[in-house]
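The values are calculated or read from the model by the stated rules, or taken from the named source; none is laboratory data. Values in this document were obtained by computation on a predicted structure and should not be read as measured data. Don't worry about glycine lacking a Cβ; one is built from the backbone with ideal geometry, like all the others, and counts go over all protein chains shown. Just the protein is used for accessible areas: all its heavy atoms, side chains included, with ligands, DNA and RNA removed. Shrake-Rupley method; radii C 1.70, N 1.55, O 1.52, S 1.80 Å.
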Amino acid sequence: MKVIYTDSLVIGGGLAGLRVAIASRQRGCDTIVLSLMPAKRSHSAAAQGGMQASLGASIKGEGDNEEVHFGDTVKGSDWGCDQDVARMFVNTAPKAIRQLTAWGVPWSRVRRGDREVVINGKKVTITEKSEAHGLITSRDFGGTKKWRTCFTSDGTGHTMLYAMDNKAIELGIPVHERKEAIALIHEDGVCHGAVVRDLVTGELIAYVAKATTIATGGYGRLYAVSTNAVISEGIGTAIALETGVATLGNMEAVQFHPTAIVPVGILTTEGCRGDGGLLLDKDGYRFMPDYEPDKKELASRDVVSRRMTEHIRKGKGVPSRYGDHLWLDITLLGKAHIDKNLREVKEICEYFLGIDPVKEYIPVRPTQHYSMGGVRTKATGESPTLKGLFSAGESACWDMHGFNRLGGNSVAETVVAGMIVGEYVADHCDNNSLNINTKLIEKFIRREENKIIKLLNRDTGENPFELKKEMQNIMMDKVGIFRNGADLEKAVEELKVLNQRARNIALRNRISTSNPELVEAIRVPKMIKLAQCVAYGAMLRTESRGAHAREDFPERNDKDWLKRTLTTWSSEDADLPEISYEDLNIMKMEMPPGSRGYGVDNTVHHPDTEKRVAEIEEIQAANPDADRFEMQELLNPIEIPEKFRGKNERIGRGFK
Amino acid sequence: MSDNERILKFHILRYNPQIKGDTPTMKTYEIKEAPGMTIFIALNEIREKYDPSIQFDFICRAGICGSCAMIINGQPDLACRTLTSKFPEGEIKLLPLPGFELIGDLSVNTGKFMRQMSERVESWIHDKYAENVDLCKLEERMDPDTADEIYELERCVECGCCVSACATKRMREGFLSAVGFMRLARYALDPRDKRSDEEFYEIMGDDDGVFGCMTLLGCQDYCPKDLPHQTQIAYLRRKMALIN
């Protein structure tokens with residue numbers, strides 16, 4: 001039995017995982033990162049568009065601050081987020097980006113003087129101030145009041161991930177590559193590490209740790225067409241679920257991005273529309289202003305995706321052999337801009353579509369993109385029910401996104417959560433000693449070993465690739481952008497059957513070492529369980545909130561549904577998850593529920609909303625001299641690790 | 001995208017070093033071409049339908065992550081963004097990327113090589129004050145052109161095509177290769193990195209470094225990101241030659 005001991009075990013080598021590892025290493029904890037592949041290949045690299053942080057250096061970001069970013073994030077979440085966490089996030093994001101600057105990210109910078117930009121389909125000249133010259137600049141993104149999305153041309157995620165991994169290498173943090181965590185080791189509500197399979201030798205290794213952090217990204221590949229990397233299968237989230245102790249939060253909250261290319265689903269960044277690109281229908285008509293006269297193409301992602309789908313349903317889509325699509329037109333941005341700031345988009349169009357986006361329209365349609373749900377954590381990043389288990393980034397439901405994430409808030413979350421959760425991970429390692437009976441380690445290793453032996457010995461049974469395809473199609477057809485009770489019920493039933501079939505997988509290639517079919521056979525039953533959590537949660541939630549849009553319940557219903565879905569899987573034999581809910585407390589909200597400002601507001605309000613609004617007005621009236629920091633302290637006092645508490649400086653306004 | 005259905009013939013090197021006694025052989029698989037088919041799509045179809053044991057690496061499948069470099073009809077390239085329609089004969093021969101430890105079939109260990117490269121060139125900002133930067137204050141300013149120029153050199157995705165296309169690397173096991181030179185050029189250009197030319201010389205001023213390059217420039221020819229290897233190697237050489 002091979003056992004590796006460490007203080008801080010991080011599962012996943014993307015931005016969030018690496019940042020947690022760096023934090024715990026810098027605090028003196030022995031730290032190991034596990035990764036399916038070299039860390040620099042993580043899906044974080046694919047974030048083209050940018051990172052939101054309210055630096056407000058560009059002229060179109062002027063007046064931005066934590067409050068504005070907070071408001072956008074809470075509205076974007078359709079009031080489904082945890083406002084304490086959203087606050088921690090917006091206050092720390094400027095520090096996170098400045099730290100990455102010191103670590104080497106070559107952020108695009110403000111250039112003084114005039115420049116031409118495209119706003120609402122028209123060329124406009126804006127003038128950047130001299131005093132901002134050389135500071136980090138920002139671009140427009142959907143659902144934001146200010147131009148807040150900081151970027152490196154169109155390779156933001158790439159440059160962030162490279163800087164982060166390079167920092168980890170500088171600190172000598174080992175990244176154990178081609179290793180997959182397939183189960184968590186736990187007892188009496190405490191997590192002690194993971195059973196890990198070496199994807200080359202097939203060996204099972206126990207990694208035993210004081211703190212285990214899951215940072216394995218989203219579960220986009222539960223869907224047949226996703227912008228996500230092929231490794232975004234949610235396995236980290238699934239092994240947390242399989243403990244029967246850890247809970248998952250808001251699994252039904254799944255975001256569809258408006259502009260992935262047809263048919264392969266590769267993303268073209270929101271920066272296309274942020275920089276002035278338009279959506280056109282089969283007649284070349286710009287339809288978004290008809291639906292959303294205010295924000296048009298730059299409404300929140302969930303809204304744009306639904307409007308596009310509605311428009312296609314009206315027969316306005318462009319027919320193709322892969323179904324109907326719409327056009328993304330960036331030709332009006334011009335060659336120079338596309339070559340510099342949208343080059344990845346250009347390469348993708350050239351290689352996968354054989355078109356030149358400088359001259360031609362890009363075929364796009366809404367495609368699965370982001371998982372708001374994940375391992376439920378407290379604001380510290382620790383599971384509320386399984387001590388010593390942490391999660392950060394897309395795999396977590398830390399819950400700053402609620403039911404819809406804003407563009408540019410995902411890479412921002414990875415590094416901010418990494419910073420904050422990393423400190424709490426280090427605290428946990430400082431305050432706890434490793435106390436584990438080796439018999440327990442052996443029990444978990446044997447359990448996983450036996451499962452694999454059974455798989456290898458079974459002569460006939462189900463094909464894991466087929467099961468996965470069936471699951472992906474169910475999710476795509478019945479748990480998609482628009483949902484309804486009848487389809488969701490069918491999805492839940494069909495997935496239940498798949499779950500049972502997945503207990504009888506047999507392999508054609510029956511070897512225990514490097515074997516892609518065995519990898520699939522281990523993952524697919526876990527993925528089906530996650531799919532069941534998504535479908536079942538969606539079926540039970542009889543309202544529409546953010547990206548969860550029910551045709552049969554179109555209104556947001558705060559009265560009955562202002563709550564977070566919690567999912568557990570209590571026994572190996574169960575064929576459905578158990579679902580419960582935790583209320584969001586309006587009386588503690590800094591920003592009580594209101595309208596997002598899209599379409600008709602048909603919200604069913606909660607009785608507390610009015611009370612809280614009145615209470616806030618009273619507090620404001622009683623403290624007429626309070627500045628925004630003091631007001632936040634009164635309305636939403638939060639805890640942030642000491643070192644990240646200072647006020648953020650901005651050009652032209654100092655620390656105010 | 002062509003609508004003509006063709007039968008594609010894939011000739012693939014098969015070898016699993018984990019299996020005792022296994023020897024490298026070429027195997028042929030025939031599949032029906034689909035419109036817009038890439039080698040990523042084709043290999044997955046082969047795995048799912050015909051041979052579940054076949055090993056290869058794809059992650060982003062969008063030409064961004066650098067996982068899937070292999071030798072495609074004799075030339076190193078990213079398999080995920082190579083359309084099968086590019087090959088009029090319909091015959092596609094796939095070999096693993098040379099110059100790296102073989103994991104099995106088309107999968108190679110670029111990760112180990114790249115981590116060692118990063119450690120060797122100390123691929124990070126060297127500034128003893130960087131850790132004490134006050135994160136509340138305005139970030140250090142940078143000229144917008146400088147930022148853009150650094151990004152141009154940082155677009156490398158560590159796919160390994162340059163290493164596999166390098167004749168010098170074939171002759172000198174310890175040769176740093178273009179990926180390492182590009183990384184050094186990136187940090188040499190960055191005003192935040194306080195390393196002196198002498199310090200860079202210590203890293204690359206020998207025959208395993210920039211003076212060993214025979215200037216055959218396979219790196220320039222095969223870089224999927226069209227990075228300016230030729231210019232940067234020449235620049236580093238000149239810079240290093242001036243030191244002595």
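Heavy atoms of chains A and B lose about 6500 Å² of accessible surface on contact, summed over both sides with a 1.4 Å probe. When the C-alpha to C-alpha distance is required to be over 28 Å, the pairs from A:146/A:335; A:123/A:647; A:167/A:656 that qualify are A:123/A:647; A:167/A:656. The amide H of residue A:119, built 1.01 Å from its N in the peptide plane, has A:124 as neighbours under 5 Å, considering only residues 5 or more places off or on other chains. Couplings 3J(HN,Hα) of the stretch A:171-188, computed from phi: 7, x, 6, x, 10, 8, 8, 6, 10, 10, 6, 10, 7, 9, 8, 7, 7, 6 Hz, in residue order, whole Hz [Karplus 6.51 cos²θ - 1.76 cosθ + 1.60, θ = phi - 60°; x for Gly and Pro].
For the pair the stretch B:53-132 / the stretch B:29-43, the C-alpha centres are spaced 20 Å from each other.
Work out, step by step, the length gained on full extension between residue A:571 and residue A:321: first 0.36 nm times the residue separation, then minus their alpha carbon distance; give nm to one decimal.
Numbers: separation 250, 0.36 × 250 = 90.00 nm, distance 4.42 nm.
So the extension gain works out to 85.6 nm.
Counting only the backbone N, which residues of the stretch A:232-259 are under 18 Å from the spot 7 Å out from the Cα of residue A:447 toward its beta-carbon? A:235-248, by backbone N distance to the label point. The fraction of accessible area contributed by carbon and sulfur in the stretch B:72-119 is 49 percent, rounded to a whole number (1.4 Å probe; ligands and nucleic acids excluded). Simple point charges give the picture: +1 on the Cβ of Lys and Arg, -1 on the Cβ of Asp and Glu, and for the protein assembly as shown a dipole about the Cα centre of about 1220 debye.
Under 5 Å between amide hydrogens, built in the peptide plane, is the criterion, and for residue A:318 it picks out A:282, A:325, A:326 among residues at least 5 positions away or on other chains.
What are the membrane-span-like helices in chain A by this rule: whole DSSP H runs, Cα extent along the axis at least 27 Å, mean Kyte-Doolittle hydropathy at least -1.0?
Numbers: long enough: A:83-102 (29 Å, -0.06); A:409-431 (32 Å, 0.33); A:438-457 (28 Å, -0.53); A:516-540 (35 Å, 0.75).
Flagged H segments are A:83-102, A:409-431, A:438-457, A:516-540.
Ligands, DNA and RNA left out, the 1.4 Å accessible surface of the stretch A:336-420 is 53% carbon and sulfur atoms. Indicate, rounded to the nearest 5 percent, the antiparallel portion of the DSSP beta bridges found entirely in the protein assembly as shown. Expressed as a percentage, antiparallel bridges in the protein assembly as shown total about 70. Normalised by the number of residues in chain A, the average gap of Cα pairs under 8 Å and 6 or more apart makes the relative contact order 19 percent.
Here's the picture: charge each Lys and Arg Cβ at +1 and each Asp and Glu Cβ at -1 in the protein assembly as shown, and of A:380, A:431, A:284 the one pushed furthest to the positive end of that dipole is A:284.
A full extension of the chain between residue A:314 and residue A:503 corresponds to an added length of 63.8 nm, given 0.36 nm per residue minus the alpha carbon distance.
List the residues of the stretch A:626-656 for which accessible area in the full set of protein chains is at least 20 Å² lower than for the chain on its own; 1.4 Å probe, protein heavy atoms only. The answer is A:649, A:651, A:655.
Counting protein heavy atoms only, the stretch A:98-218 has 45 percent of its accessible area on carbon and sulfur, 1.4 angstrom probe. Shown are A:107, A:561, whose ranking by accessible area with a 1.4 Å probe and every protein chain present, most to least, is A:561, A:107.
Can you compute the FRET efficiency between residue A:1 and residue A:578 using 1/(1 + (r/R0)^6), with r the Cβ-Cβ distance and R0 = 30 Å? Round to the nearest 0.05. For residue A:1 and residue A:578, the calculated efficiency is 0.35.
The stretch A:106-125 and the stretch B:138-187 have Cα centres lying 29 Å from one another. Contact order, relative form, for chain B: 17 percent (alpha carbon pairs under 8 Å, 6 or more residues apart, mean separation divided by residue count). Would the protein assembly as shown count as rounded, prolate or oblate if I go by the C-alpha gyration tensor, calling it rounded below 1.5 in a/c and otherwise prolate when a/b exceeds b/c, oblate otherwise? Rounded shape, in that the Cα axes give a/c under 1.5.
How large is the charge dipole for the stretch B:24-81, taken about the Cα centre, if only the Cβ atoms of Lys, Arg (+1) and Asp, Glu (-1) carry charge, to the nearest 20 debye? Please list the in-between numbers first.
On the way: 6 positive and 7 negative charges, 11 e Å.
With Lys and Arg at +1 and Asp and Glu at -1, about 60 debye.
Take the Cβ-Cβ distance between residue B:242 and residue B:134 as r, set R0 to 41 Å, and report the resulting FRET efficiency rounded to the nearest 0.05. Don't skip to the answer; put the middle values down first.
Values: r = 37 Å, r/R0 = 0.89.
For residue B:242 and residue B:134, the calculated efficiency is 0.65.
Based on Cα contacts under 8 Å between residues 6+ apart, the stretch A:1-60 shows a relative contact order of 33 percent. Extension gain, residue A:131 to residue A:114: 0.36 nm times the residue separation minus the Cα-Cα distance gives 4.7 nm. Using the 1.4 Å probe convention, the accessible area of the protein assembly as shown works out to 35 Å² per residue with neighbouring protein chains retained. Which residues belonging to the stretch A:151-192 lose at least 30 Å² of 1.4 Å-probe accessible area when the assembly is complete, relative to their chain isolated? When all protein chains are present, A:158, A:162, A:166, A:169, A:170, A:177, A:178 each give up 30 Å² or more of accessible surface. Projecting the Cα atoms of A:624, A:59, A:213 onto the dipole axis of the protein assembly as shown, where Lys and Arg carry +1 and Asp and Glu carry -1 at the beta carbon, places A:213 farthest toward the positive end. Between residue A:653 and residue B:143, the FRET efficiency estimated from the beta carbon spacing at R0 = 35 angstrom works out to 0.90. Modelled this way, with points 7 Å down the Cα-to-C-beta line, the labels at residue A:615 and residue A:489 are 4.0 nm from one another. Taking 7 Å steps out from each Cα toward its Cβ at residue A:201 and residue A:628 produces label points 5.5 nm apart. Separation of the stretch B:197-233 and the stretch A:599-626, taken as the distance between their Cα centroids, equals 63 angstrom.
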